[in-house]
Amino acid sequence: MTVPSNDELLFLALGGAGEIGMNLNLYGHAGKWLMIDLGIGFADDSMPGIEVIMPDPAFIEERREDLVGIVLTHAHEDHLGAVPDLWPRLRAPVYATPFAASVLRRKLIEAGLVDDVPVTEIPLGGRFRIAPFDLELITMTHSILEPNALAIRTKFGTVFHISALFKSVSGLKIGSNVRFGGIDVGTVDNIALVTDTTVEVQMIIQHKVQPFIKKDAKASIGSEGLMGDKVIVIAPGTPGQATVSDRDVLATMQPIEIGSAPFVLCAILDVSARRQSEEAVRQSEALFTAVFRASPNMISLTTMADGRYVDVNESFLRIWGRQRSEVIGRTSKEIGFWDDESLRSRMLEDLRRDGFVRGLETKIRTSSGALRDFIYSIDVIPHEDQDLLLGIGHDVTELRAAEAQLRHAQRLEAIGKLTGGVAHDFNNLLAIIHGNL
């Protein structure tokens, strides 16, 4: 398997198969390879003295001329944490949604690679082409902003993703076959622990099979013969039922034993409430992202601990006069954002006491050295293992200037009235003097 042909779509897991972390998956088609994610893993007690582990990219490194791109599905460390260390061995363009791209740029700045690694931002739900692959991001819900699934379209066909929940997947592994109607129609893409008693098996299925799998289809774990490898077997469901959709969760049939006799336990999963909740979260995240990008106010996400910028919107860059690469990954002190740096300390005291800051008036020095007046609102956003600060700044420089001009005009008017009154009294006095002469 050196060069994938025009008549096949290959899946090769170089990391993340049968383990948590180190995600590195390859798809091969028409002589080219596409990489999905490039993450790290964390060592356990069996690796004393080691903290971080990475996948071995030797296979694709030898074929990097045929590697057309690296697509990052989201910003967790096990999906993008290895990019700064392994990208020099691959040197392929990187594609990610804005939030993941911002997190990656911060890491690239620290590694001194921000000017070397070409990073292309793809909008949520975006469809784009990295020849010969036609790709579409599918927004998901997860414990981080902008998580995505990926639909892959090729000449060979389109793959779509479904999953099923099992109590036990002993013997099943990533890359295992998925069988439907007695033929192999896909592969196991991921095995994820949902709870301490439930495992989710995610599958990639050939698109041409999708019309024949119904909403009430059931999945079970079988074997290739009596002692062969484990496979997923999908029963088609009831004729006349709606066709299964991308990201659907199938009901499962669990093999159990009562005494020495084998039985099948059928578990029907009602996911309507969960889907409504996931859709509400997705819409909320999409709305936040739209407001973040389009707002005329300066909006920033910084770490509460040291004021390091995680993301900023275009208005922040335009008003302040900086490039994104000059901001992301650096602290407010390093870039001289606050005219009075002690103001940040007082702001943190208010945040720890009240949980938010409203109506904070401050001056910010732009890249040209000009001082501008801002009113800031700041909220604390818990994120993974740290707190982030969401800051929204409203530029009131022109308003303050207009207020100053109005006060100046009012003072001049008052002086004019006073002068007029004095002159009138003086004229009256002269008239009295003249009358007595």
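The values are calculated or read from the model by the stated rules, or taken from the named source; none is laboratory data. Here the structure is a predicted model, which means the values were calculated and not measured. Here the Cβ is made from the backbone with ideal geometry for all residues, glycine too, and neighbour counts use every protein chain on show. Calculation scope for accessible area: heavy atoms of the full protein, side chains included, ligands and nucleic acids excluded. Shrake-Rupley method; radii C 1.70, N 1.55, O 1.52, S 1.80 Å.
Some observations on this one:
- Filter result for Ala164 (of a type in the set (Gly, Ala, Ser), at pLDDT below 75 and crowded, with 19+ Cβ neighbours inside 10 Å): yes
- Leu265 falls short of the stated requirement of being in a loop (DSSP other than H, G, I, E, B), open to solvent by 20 Å² or more (accessible area, probe 1.4 Å) and modelled with pLDDT under 70.
- Considering residues of region 373-394 that are touching a Phe, Trp or Tyr at 6+ places or on another chain (Cβ under 8 Å) and open to solvent by less than 70 Å² (accessible area, probe 1.4 Å) only, the residue nearest to Ile319 (Cα to Cα): Gly393
- Yes/no for Asp350 being surrounded by 12 or more Cβ atoms within 10 Å (Cβ to Cβ) and modelled with pLDDT of 80 or more: yes
- Against the numbered list (1) open to solvent by less than 40 Å² (accessible area, probe 1.4 Å); (2) touching a Phe, Trp or Tyr at 6+ places or on another chain (Cβ under 8 Å), Leu14 comes up short only at (1).
- Residue match in region 173-192 (condition: part of a strand (DSSP E or B), closer than 30 Å to Gly69 by Cα and at pLDDT below 65): yes
- Listed by position, the strands (runs of 3 or more DSSP E) contained in region 92-144 that have at least 1 residues being buried (at least 21 other Cβ atoms within 10 Å of the Cβ) and at pLDDT below 90 are 133-139.
- Within this structure, Leu38 fails the test of being open to solvent by 30 Å² or more (accessible area, probe 1.4 Å), touching a residue at least 24 places away in the same chain (Cβ under 8 Å) and not in a helix (DSSP H, G or I).
- Exactly one residue out of Glu413, Glu403 is among the acidic types (Asp, Glu), in a helix (DSSP H, G or I), surrounded by fewer than 14 Cβ atoms within 10 Å (Cβ to Cβ) and modelled with pLDDT under 75: that is Glu413.
Conditions (1) out of contact with any strand residue (DSSP E or B) (no Cβ under 6 Å at 6 or more places or on another chain); (2) of a type in the set (Asp, Glu); (3) in a helix (DSSP H, G or I), marked per residue:
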{"residue": "Ile335", "(1), (2), (3)": "yes, no, no"}
{"residue": "Asp340", "(1), (2), (3)": "yes, yes, no"}
{"residue": "Asp350", "(1), (2), (3)": "no, yes, yes"}
{"residue": "Arg358", "(1), (2), (3)": "no, no, no"}
{"residue": "Ile364", "(1), (2), (3)": "no, no, no"}
{"residue": "Ser368", "(1), (2), (3)": "yes, no, no"}
{"residue": "Tyr376", "(1), (2), (3)": "no, no, no"}
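- Given (1) loosely packed, with under 13 Cβ neighbours inside 10 Å; (2) modelled with pLDDT under 80, index of the condition Thr252 fails: (1)
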